[in-house]
Amino acid sequence: MQFVKSKLPVVVTFGAAFIIVAQYYFNIPAWKTLAAEFLRWNVIIAAFALALGIGGIVKLHWGRISRRQPTAVYSAATLITLAIFLFVGLYETTRGKTYTWLYDFIYNPVAATSYATTFFFITSAAYRAFRIKNSYAAVLMISAILMMLQVGVFSVYLPVAPKIAAWVWNIPTTAGMRAVTIGAALSVVGNAFRVITGLERGHLGGGE
Amino acid sequence: MIKKLSDIDVRWLYLIMVIFAIYPLLRPIGLPLPITDRARNSFAAIDALRPGDLVFFGIDYSPTQEAEMWPQTLAIGHHLAQRGVKMVMLNMIEGAYRYEERIRDFILSEYPNYQYGVNIIALPFTAGREAAFNSIVADLKGLYQVDLAGAALNTLPLWNEITGAGDFDMYVELADAPDWWLRPMSQVPGLKLWNGTVASGASTMAPLYQSGQMVGFIYGMAGAAEYEALVKKPGSAAAAMDTQSMGHALIILFVILGNIGYIVQRNAEAKAKGRK
Amino acid sequence: MNAGVTVSFIVFALFVGVFYYSGARFKQTGKFSARKFEALGKMEEAIGRATEMGKPVHWSYGMGAFDAQYLAAFVLLEYAASLCAKYDTRMIVSIALPEVVPMTEEVIRKAYIEQGKLDTLHTEDVRFWGGSHNPAMIGTISREQVAGNFMIGSLFHESILSIEAAARYNAIQVMGTQNTHQLPFIAAGCDAIFIGAEMFAAAAQLEPTPVRVGSVWAADVLNVVFVGLMIIGALLVTAGNTSLKTLILK
Amino acid sequence: MLNATTGTWLAAFLTLGLFSWMYKENPWFRLVEHIYVGAALGVLASQGYQSVMDIAWKPATQQGKTLLYVPLILGALLFSRWSKKYMWVSRSSMGFLVGTLSAVVMTGAIKAQLTAQVAATMMPLNSANNIIFFVITAAATMYFVFTLQAKWASPIMDLGKYGMMIAFGATFGNTVMSRISLFTGRLQFLLFQWLKLTPGGS
């Protein structure tokens with residue numbers, strides 16, 4: 001039993017990953033077929049995983065309602081909305097008329113607006129954060145302003161502005177981001193390798 | 001007085017921004033829109049497609065980024081349809097399927113030469129993101145059995161012509177997330193990659209465009225507006241560009257105000273210290 | 001060997017080789033040293049100032065899915081928690097993912113035990129918010145008027161919300177992420193940041209283990225190799241010879 | 001009742017509720033935020049269900065692709081995470097998911113983001129632009145070498161940091177564009193679809 005609880009997940013992780021890595025580098029037709037099958041399985045299991053978040057949220061909000069906390073009414077709003085979407089989504093599928101209405105007039109506006117509020121934050125962030133506290137901050141600010149100058153009105157009165165912005169974008173920005181890309185990719189490779197070899201297993205969940 | 005400039009209640013800034021955003025929407029100014037070389041080259045890359053070429057059209061953004069991505073989708077949908085290519089649409093992001101439905105219906109109604117199943121197919125949502133793209137690369141036909149509307153794919157003639165991802169000439173991806181589609185799709189030999197994305201994700205993709213890993217790349221509302229101009233189908237992006245200009249001008253003004261206040265305040269503090 | 005992946009395979013093999021070699025060497029010598037990270041000092045400064053002002057500090061991992069960034073964040077959280085325990089300052093943690101709650105409690109408890117301050121630990125300060133993490137986090141920061149604000153992990157647009165909320169109270173802010181789309185905001189809005197891999201290296205510096213040390217060394221060696229290749233390749237291309245450039249794509 | 005008119009009014013109510021936070025935190029905002037949490041989860045789960053049906057359940061039950069029962073079972077086991085006692089049951093499914101994803105990410109990243117990027121930096125150093133590009137890339141890559149503490153290296157790393165700050169500043173500037181667009185999108189909805197105004201103008 002101990003093997004099933006703690007060793008098996010590591011064996012499964014490594015086995016699945018090994019087949020995919022091996023067929024990527026070496027031409028072994030049988031492994032290629034197996035890898036394609038594994039990837040298809042991944043897509044299916046990942047679809048189940050989309051619903052995993054429900055457990056925690058229902059528990060959290062149900063707890064608040066049953067303890068009659070002052071925020072219970074909001075928790076009820078979350079659970080009722082979730083129930084409506086789930087019921088309609090499963091009953092008439094995501095292609096149904098009612099579901100599409102829910103999607104277009106509830107989910108779509110709240111999701112879009114929730115991101116649109118960042119418009120305000122970026123305004124105040126620009127106002128507050130771009131103060132020339134040191135030379136790094138100065139470089140950051142100048143580069144941001146040069147990029148902002150490329151749009152519309154400035155190109156009329158300051159025809160050189162879009163050209164400067166294009167230069168800042170094509171040369172130093174792309175060069176700087178390339179180093180960030182390389183650095184990030186190395187971390188990704190390192191993390192993936194540690195997960196595959198079972199040196200890291202936080203994702204498997206703690207406890208027995 | 002000037003010191004206060006570094007400490008304005010940000011809600012005043014918000015109010016000013018809102019007013020200056022609404023005004024140009026109601027009273028369009030029609031500021032000029034310079035077209036960048038990047039947009040021209042990206043346009044040329046799609047323009048080089050021949051009628052009958054096979055193109056993947058990926059719609060991968062949720063409603064959170066609709067404002068930037070939907071105008072791009074429309075403009076590029078126009079262009080692909082004008083080129084007469086065969087399209088296979090797909091989506092890998094939760095919530096994106098709605099835009100795939102909309103662009104499918106739009107193309108079918110605007111371009112009578114397009115007939116569903118014959119030269120255009122819309123595939124359903126697939127979870128797994130990067131692994132899902134890898135699954136397409138490994139075995140496209142094995143992954144999908146039904147289309148976006150739930151109909152069996154093997155009844156569609158276009159689907160029966162396709163053997164796998166290697167048959168495609170170009171992958172046009174409209175995505176609000178950076179690079180996870182590129183790693184798998186760049187493994188298909190000979191498949192050209194083309195990307196439209198949000199302005200905030202553009203710097204992540206810039207090195208990949210510079211290196212030639214993508215043949216086309218546009219971003220943001222500006223990218224959509226430029227593309228609308230290039231395909232000669234003015235839309236909502238062009239109309240929104242006045243607001244962009246206003247907003248940028250105001251933000252630059254705020255940065256300057258903040259700095260004036262900051263410098264004055266810092267000098268005053270330095271003087272006060274000196275006196276002690 | 002498949003076509004077009006030979007050099008990729010060599011890179012992979014080099015990475016694995018350096019990883020195991022330097023991990024094993026660390027096991028023998030126990031020595032690891034990396035350059036100083038300004039952000040670690042800033043964290044201590046923030047907690048010190050919070051202590052003086054009698055205000056708490058705030059911590060969040062952001063809303064991104066569980067990945068390796070959390071593992072680095074746990075080590076940095078332990079560092080911050082032990083400073084908080086030492087100075088008797090409260091740290092409030094806002095959490096979006098349920099699975100992270102027990103791990104966070106464990107990390108903080110460990111830090112308090114090591115400082116011998118377990119009796120001062122406020123267990124209710126670890127707060128799980130699920131999907132309502134963002135408004136709850138902003139609300140917490142405002143109500144408690146935090147003097148320090150830390151955010152390390154897989155950050156998305158919540159980073160700018162947190163920065164703007166805490167800036168109203170002049171909090172000292174330290175953040176770190178590998179998500180390139182958020183680095184600009186934390187760079188502009190924070191007093192110090194961990195840029196991508198820096199947080200992994202800082203974690204290895206604070207609490208070296210063979211795995212962490214091996215990872216840092218492997219990335220370091222590859223970075224140096226890449227820069228070397230870039231220089232040689234660019235010089236060759238300048239001289240009209242593209243052989244290295246074509247070779248590396250093989 | 002579920003027509004476009006009621007929908008538009010409902011959408012406007014939700015949109016304005018979220019924007020009301022900019023003035024002050026208030027119950028309207030909180031209500032909408034909580035509706036968002038419920039709706040977002042509902043959409044995720046419905047889509048997951050739909051996808052399982054399209055990609056696995058129908059092919060398995062109707063077309064005889066019996067091998068697909070394996071992922072269906074592994075996927076169902078994931079839900080044991082909701083129980084503390086049986087959480088371990090989900091670990092192998094999770095391991096499979098993370099193992100396959102890690103494998104594809106790792107192999108893909110080395111080719112697309114390391115070797116291809118290094119090759120693209122091998123550029124002829126015959127123009128100011130190319131030299132600047134090359135120097136910034138190399139210096140900023142050196143910035144991520146943490147164990148190198150030699151004195152000569154620190155100005156190179158500083159230069160790299162400046163290069164990254166330029167990149168971050170430019171990204172910030174670009175993101176301003178993004179954020180204004182998102183807000184404009186909502187304004188277009190409120191002004192044109194809800195209030196039915198029409199753009200006039202010169």
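The values are calculated or read from the model by the stated rules, or taken from the named source; none is laboratory data. Remember, it's a predicted structure, so these values are computed and weren't measured experimentally. All Cβ positions, glycine included, derive from the backbone under ideal geometry; neighbour counts span all protein chains shown. These accessible areas exclude ligands, DNA and RNA; they are computed on the full protein's heavy atoms, side chains included. Shrake-Rupley method; radii C 1.70, N 1.55, O 1.52, S 1.80 Å.
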Note to self: Please go through region D:49-79 and give me each residue that is assigned to a helix (DSSP H, G or I), farther than 13 Å from A:Ala49 by Cβ and not hydrophobic (A, V, I, L, M, F, W, C), ordered by number.
What the structure shows: D:Gln50, D:Asp54, D:Lys58, D:Pro59, D:Thr61, D:Gln62, D:Thr66, D:Tyr69
Check: Taking the stated definitions as given, is B:Met92 in contact with an Asp or Glu (Cβ under 6 Å, 6 or more places away or on another chain) and closer than 20 Å to B:Val188 by Cβ?
Finding: yes
Notebook entry, point to check: Do we have A:Thr94 as within 7 Å of another protein chain (Cβ to nearest Cβ), within 21 Å of D:Tyr49 (Cβ to Cβ) and open to solvent by less than 30 Å² (accessible area, probe 1.4 Å) here?
Noted result: yes
Check: Quick one: is D:Leu77 closer than 26 Å to A:Arg194 by Cβ and open to solvent by 40 Å² or more (accessible area, probe 1.4 Å)?
Finding: yes
Notebook entry, point to check: What are the residues in region A:194-208 that are surrounded by 19 or more Cβ atoms within 10 Å (Cβ to Cβ), within 7 Å of chain C (Cβ to nearest Cβ) and at pLDDT 85 or above, if any?
Noted result: A:Arg194
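Rundown of residues vs (1) acidic (Asp, Glu); (2) within 14 Å of chain A (Cβ to nearest Cβ); (3) closer than 30 Å to D:Val176 by Cβ; (4) surrounded by fewer than 23 Cβ atoms within 10 Å (Cβ to Cβ), yes/no style:
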position: C:Tyr79; (1), (2), (3), (4): no, no, no, yes
position: C:Leu83; (1), (2), (3), (4): no, no, no, yes
position: C:Ile108; (1), (2), (3), (4): no, no, no, no
position: C:Gly130; (1), (2), (3), (4): no, yes, no, yes
position: C:Ser154; (1), (2), (3), (4): no, yes, yes, yes
position: C:Ile160; (1), (2), (3), (4): no, yes, yes, no
Note to self: Quick check on A:Val139: is it over 24 Å from the mean Cα position of the chain (by Cα), surrounded by fewer than 24 Cβ atoms within 10 Å (Cβ to Cβ), part of a helix (DSSP H, G or I) and in the same structural domain as A:Thr173 (by TED's automatic domain parsing)?
What the structure shows: no
Next item on the list: Output the residue which, of all residues in region B:190-212 that are more than 11 Å from every other protein chain (Cβ to nearest Cβ) and crowded, with 23+ Cβ neighbours inside 10 Å, is nearest to D:Arg179 (Cα to Cα).
Entry: B:Gly196
Item checked: Residues satisfying the stated conditions in region C:1-27, i.e. within 12 Å of chain D (Cβ to nearest Cβ), more than 15 Å from A:Val188 (Cα to Cα) and open to solvent by less than 20 Å² (accessible area, probe 1.4 Å) -> C:Val5, C:Ser22
Check: In region B:62-162, which helices (runs of 4 or more DSSP H) lie fully inside it and hold 2 or more residues that are in contact with a helix residue (DSSP H, G or I) (Cβ under 6 Å, 6 or more places away or on another chain)?
Finding: B:66-83, B:97-110, B:130-143
Check: Within region C:175-191, can one find any residue that is in contact with a strand residue (DSSP E or B) (Cβ under 8 Å, 6 or more places away or on another chain) and under 20 Å from D:Gln117 (Cβ atoms)?
Finding: yes
Item checked: One residue from C:Leu236, C:Leu222 being part of a helix (DSSP H, G or I), in the same structural domain as C:Lys27 (by TED's automatic domain parsing), open to solvent by 10 Å² or more (accessible area, probe 1.4 Å) and farther than 30 Å from B:Ala199 by Cβ -> C:Leu236
Checklist line | Failed criterion for B:Phe133 (all others in (1) within 12 Å of another protein chain (Cβ to nearest Cβ); (2) surrounded by fewer than 22 Cβ atoms within 10 Å (Cβ to Cβ) hold) | finding: (2)
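Residue by residue, here is whether (1) at the interface with chain D (Cβ under 10 Å from one of its Cβ atoms); (2) at pLDDT below 90; (3) closer than 30 Å to B:Lys4 by Cα holds:
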| site | (1), (2), (3) |
| --- | --- |
| B:Met214 | no, no, no |
| B:Phe217 | no, no, no |
| B:Ala229 | no, no, no |
| B:Pro234 | no, yes, no |
| B:Ala239 | yes, yes, no |
| B:Leu257 | no, yes, yes |
| B:Asn267 | no, yes, yes |
| B:Lys271 | no, yes, yes |
Note to self: If I filter region C:140-152 down to residues being in contact (Cβ under 8 Å) with a residue 12 or more places away in the chain and surrounded by fewer than 24 Cβ atoms within 10 Å (Cβ to Cβ), which single residue comes out as nearest to the chain's Cα centre (by Cα)?
What the structure shows: C:Thr140
